[in-house]
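Encoded as structure tokens, the structure appears first; notes follow it.
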Amino acid sequence: MTYAILFIIVILGGYLAFQFQHADKQYIKLLLSFSGAYLLSIIVFHLLPHVYGELNGKTAGFFIMLGIVFQLVLELFSHGAEHGHKHAFDRRAPWILLVSLSIHAFMEGLPINEGHHLHYSYFYGILIHKLPIAIVLTSVMIESGMSKTKIFLFLTVFAAMSPLAAFLGKHLQFMLVYGAYVNAFVVGILAHIGTTILFENEHSHRFNIRKFVLIFMAMLFAYLT
């Protein structure tokens, strides 16, 4: 069931993008803010204690920083689609975006079944992250004039990456041996994503009460899960 939900949430995001093409995009920004705050909160409340509990400080820090650098390299090709940038699509080479996003989705799916006490909180975080990203990504492809068939194929491949990684993370001996290192690496990836969403989502730097409330709710939800 976990794998099906991971897949369906992306397809649902694509469906919502088609249904609400002309809706107020401010709601997408608010949803992105919530997802970014939730990801950061999950990292602080659940993932970091787990990682530093299994690895020594410098080793954990090294792999976290490695994950941040890895995500920066991915964004040379995805142009920030992982955190909602809408200028990400290049019609001349869509496969570059697909490959970079698929790698990102695969990496964030690996820890889902590794470590019982972080499973559910992390799983919820990935779901909340994927929904607005799928909406934004589909909107970009619609605006670029890509056919519905190609959009569906694109989303299908993207949607399949995290369930595939979650399955492999549960059954591969590699994750049993090196799971803590993978978790630290993914923490770096998600830390970059979460902070970028929060700090780039509001360009006016004005106080936004709705955004503030959503961030607080995301922190509380992450604390309680």
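Quick note: the coordinates plus some simple rules give every number you see, no bench work behind them. This one's a predicted model, so the numbers in the text were calculated from it and none came from an experiment. Note that we place each Cβ from the backbone using ideal geometry, even for glycine, and neighbour counts take in every protein chain shown.
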Evaluate the distance, in nm, between pseudo-label points positioned 7 Å from the Cα of LEU76 and of PHE167 along their respective Cα→Cβ axes.
3.2 nm
Once THR149 and PHE62 are pulled to full extension, the length gained, defined as 0.36 nm per residue separation minus their Cα-Cα distance, is 27.1 nm
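For the ranges 143-149, 122-128, what's the packing order if you count other beta-carbon atoms within 10 Å of each residue, average per peptide, and put the highest first?
On the way: 143-149: 11.0, 122-128: 21.7.
Ranked from most to least packed, the peptides come out as 122-128, 143-149.
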Backbone N under 14 Å from the VAL69 label point (7 Å along Cα→Cβ), restricted to the range 186-200
188-189
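Grab the Cα-Cα distance for ILE209 and VAL44, subtract it from 0.36 nm times how many residues apart they are, and report the gain in nm with one decimal.
57.1 nm
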Approximate spin-label separation GLU54-LEU224, in nm, with each point projected 7 Å along Cα-to-Cβ:
2.8 nm
For 154-162, 49-57, 3-11, 181-189, ranked highest to lowest by mean beta-carbon neighbours within 10 Å, the order is 181-189, 154-162, 3-11, 49-57
